[in-house]
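Some notes on the structure that comes next.
The values are calculated or read from the model by the stated rules, or taken from the named source; none is laboratory data. Quick caveat: nothing in here was measured; it's all calculated off a predicted structure. Neighbour counts run over all protein chains shown; Cβ positions are idealised from the backbone, glycine included. Only protein heavy atoms, including side chains, enter the accessible area calculation; ligands, DNA and RNA are left aside. Shrake-Rupley method; radii C 1.70, N 1.55, O 1.52, S 1.80 Å.
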Amino acid sequence: MLFPGCRPAVEYSEINGLTQGTTYHIVVETTPGMNTGDLRMKVEALLGRIDNSLSIYNDFSVISLINRNISDKTDTLFRDVFRASAVISEQCNGLFDITVGPLVKAWGFGPDALKRFDETKLDSLLALVGMDKVRLEGDRIVKADPDMFIDVNAIAQGYTVDLITEMLSAEGIRECLVEVGGEVRTSGDKGGKGWHVGIDRPADGNYVPGADLQAAIRLDNSALATSGNYRKFFIENGVKYSHTIDPRTGYPVRHTLLSATIVAPECAVADAWATACMVAGKDTAVLIIEKNELIEGYLIFSDEKGEMKSWISEGLRKRIEER
């Protein structure tokens, strides 16, 4: 969400649309000779390429064919995301893992979800999870077990934001904001005014992004991603099950951390680390953020009285405005 301020000297154009089961919103400086229609077509073409590579909801995407063992051939986009995921998974000791798909489906999330978890199958499901059980060999993927299921949703939107931002830069656009499903990256500083991005309050029932904000962050030449448990969950027999699954235990996380917002140079990095922090929980997430020089963080958690509190990394304090 953008916050209004004084109108900058340059003019801006907007491009909006639907992608990956959500929306995208792009703000770009209006450069001489710019044709917004042509720019939209280039954005849509790129989004189509990403969908045909990384979407588990597209039956004929590269990742879907791999998951169904119809093909083992990858493309450039898949390999980029796989390598980035492997690096971050190793750095966070498996808190982030794109092979968690079988567990996500078994707990009732994602395509073909089972909707009811059978704990007697936990060990067999955990046997299908782990970045050490899948690897790239040239342009082909090798899975230790054909039943392994790769799901890059926890990094794909951030990666999409990065690709669009890089494409706009190649078009000569220096000032822009790109947002896909709440993940954001900016270039420039909006003519000196600064790009300001809102963080949603992580409250049950807050389904409309931007409707109830916890804070605003100035986000110049950087990226932001938020992971939380307050929009995607189900309740069975009075128990609330989060969509965030711990790939180490096989169970949905149950802790006091409500949402993790990560700021990083690239949105794919922010996206993956936000998920890792949500798996880790508040105390471990604080340690992760403090030890990683590439990221800053804003955590919202529930204290012992059930009241909503926040923790802000030192490097982010000067850029944030709490509501």
* Asked: Which members of the range 251-267 meet the condition of being open to solvent by less than 10 Å² (accessible area, probe 1.4 Å) and in contact with a helix residue (DSSP H, G or I) (Cβ under 7 Å, 6 or more places away or on another chain)?
  -> Leu257, Ala260, Thr261, Ile262, Val263, Ala264, Cys267
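Look at Ser53 and say whether it is assigned to a loop (DSSP other than H, G, I, E, B), closer than 23 Å to Leu163 by Cβ and small (Gly, Ala, Ser).
No, not satisfied.
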* To do: Output the residue which, of all residues in the range 181-202 that are farther than 26 Å from Phe301 by Cβ and touching a strand residue (DSSP E or B) at 6+ places or on another chain (Cβ under 9 Å), is modelled with the lowest pLDDT.
  => Gly191
* Can you confirm whether the range 50-63 contains a residue that is in contact with a strand residue (DSSP E or B) (Cβ under 7 Å, 6 or more places away or on another chain) and in contact (Cβ under 8 Å) with a residue 40 or more places away in the chain? => no
* Structure fact -> For the range 154-192 the number of residues that are under 17 Å from Leu39 (Cβ atoms) and touching a residue at least 40 places away in the same chain (Cβ under 8 Å) is 19
* To do: Could you tell me whether Leu2 is at pLDDT below 95, buried (at least 16 other Cβ atoms within 10 Å of the Cβ) and not small (Gly, Ala, Ser)?
  => yes
* **Pairs where the first residue, in the range 127-152, is under 13 Å from Val62 (Cα atoms) and the second is part of a strand (DSSP E or B) and open to solvent by 60 Å² or more (accessible area, probe 1.4 Å), C-beta under 7 Å, 6+ apart** => Asp139/Lys73; Arg140/Lys73
* To do: Can you tell me which residue within the range 54-80, out of those that are among the acidic types (Asp, Glu) and more than 18 Å from Gly158 (Cβ to Cβ), is most open to solvent (accessible area, probe 1.4 Å)?
  => Asp59
* To do: Could you identify the single residue in Asp303, Asp271 that is of a type outside the set (A, V, I, L, M, F, W, C) and under 15 Å from the mean Cα position of the chain (by Cα)?
  => Asp271
* From the list Asp147, Asp123, Asp132, which one is part of a loop (DSSP other than H, G, I, E, B), out of contact with any Cys (no Cβ under 7 Å at 6 or more places or on another chain) and modelled with pLDDT of 85 or more? -> Asp147
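Regarding the range 224-233, can at least one residue be identified that is surrounded by fewer than 20 Cβ atoms within 10 Å (Cβ to Cβ), touching a Pro at 6+ places or on another chain (Cβ under 9 Å) and either at pLDDT 90 or above or part of a loop (DSSP other than H, G, I, E, B) (or both)?
Yes: one or more hits.
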* To do: Determine which single condition Cys176 fails, assuming it passes every other condition in (1) modelled with pLDDT of 95 or more; (2) open to solvent by 10 Å² or more (accessible area, probe 1.4 Å); (3) under 18 Å from Gly158 (Cα atoms).
  => (2)
* **In the range 274-307, the residues that are open to solvent by 10 Å² or more (accessible area, probe 1.4 Å) and closer than 23 Å to His196 by Cα** => Thr275, Glu293, Leu294, Glu296, Phe301
* Asked: Looking at this structure, is Ile141 among the hydrophobic types (A, V, I, L, M, F, W, C), in contact with a strand residue (DSSP E or B) (Cβ under 9 Å, 6 or more places away or on another chain), surrounded by 20 or more Cβ atoms within 10 Å (Cβ to Cβ) and assigned to a loop (DSSP other than H, G, I, E, B)?
  -> no
* Asked: Consider Lys291 against the criteria (1) modelled with pLDDT of 95 or more; (2) over 20 Å from the mean Cα position of the chain (by Cα); (3) under 23 Å from Val178 (Cβ atoms): it satisfies all of them except one. Which criterion is unmet?
  -> (3)
